[in-house]
Structure formats: C-alpha cells, structure tokens
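Contents: one structure, followed by commentary.
The values are calculated or read from the model by the stated rules, or taken from the named source; none is laboratory data. Everything numeric here is computed off the predicted structure, so don't read it as measured data. Positions of Cβ are generated from backbone atoms using ideal geometry, with glycine treated the same way; all protein chains shown enter the neighbour counts. Accessible surface is based on the protein model in full, side chains and every heavy atom, while ligands, DNA and RNA are left aside. Shrake-Rupley method; radii C 1.70, N 1.55, O 1.52, S 1.80 Å.
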Amino acid sequence: QVQLVESGGGLVQAGGSLRLSCAASGSIGSIHDMGWYRQAPGKQRELVASITSTGLTNYAESVKGRFTISRDNAKNTVYLQANGLKPEDTAVYYCKADVRGRFSIVAVELWGQGTLVTVSS
C-alpha cells in the first residue's frame, strides 16, 4: 500500500528556516498533484502550496515569497522550503498527494501523518 511519510518539522525562532519533506512509498504507478496544507489551533486547514506533476506551483498569499514548494519525481518526494518563518506559521503541516498505484488506473488522495512546525517569537 502507498503511504506518505513526512519529516522536517521542529522548533525554530522567528526568521529561521525549515525544510519539510514528504516521500511516497509503496507500489506507485504515478503521482499527480502534490501539496502542503497546515492547520493551526482553532483554525481550519488551509492550503499552503501545491505543485503539479509538471512543476506548476501555487501559493497562499500569506507565504508567497517566503516558502518554496518543489518535487523530485525520481524520489517520489515533495519538499517545502520555509524561510523567514513567523510565529503565525506555527501549525501542523500535512502533505497531500494524488497517487495512482502500480496496478490501478484510479488515482486516490493520500495524506501524510502531519509534522509540527513551531515558530517562537
């Protein structure tokens, strides 16, 4: 079964940087759109950034210019480089991917387990 495993979260000071990774493993046929979402206490989950299979990106206005999403198709991995972190960026970050299994013609939506990013002031 295909799974998404996230890593890279942690505690940083305001102005610092983190690099989040999300790797898909298992019997993979292809991966389509991938993205990063976050959810802060008391708030709804929101899209942070997304990237298509061909590299087209989209960002939330709140992170534009500070965060960069990228992917390595050979490694089935999506990254989020977060620079200039602010306390308001504190949240659990989740990756999402639309994945087609090796033996399937249907793509399914998968979510990572979440990784906590805490930015201190």
Descending principal axes extents, region 37-121, alpha-carbon based, whole Å: 48, 25, 20
Portion, in percent, of the accessible area of region 15-97 that falls on carbon or sulfur, probe 1.4 Å: 48 percent
Distance (nanometres) between label positions extended 7 Å along Cα→Cβ at Ser27 and Val5: 1.9 nm
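Accessible area per residue for the chain in Å², computed with a 1.4 Å probe and the full protein assembly in place, what is it?
Values: 6510 Å² over 121 residues.
I get 54 Å² per residue for the chain.
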Cα gyration tensor category, rounded, prolate or oblate, for region 78-121 with a/c compared to 1.5: prolate
Partners for Lys43 among aspartates and glutamates (Cα-Cα distance below 13 Å; same-chain residues under 8 apart left out): Glu88, Asp89
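Based on the mean of other Cβ atoms within 10 Å per residue, sort peptides 92-100, 5-13, 104-112 so the most packed one is first.
On the way: 92-100: 21.0, 5-13: 14.9, 104-112: 13.2.
The packing order, highest mean first, is 92-100, 5-13, 104-112.
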The chain, dipole about Cα centre (Lys/Arg Cβ +1, Asp/Glu Cβ -1), debye to the nearest 20: 100 debye
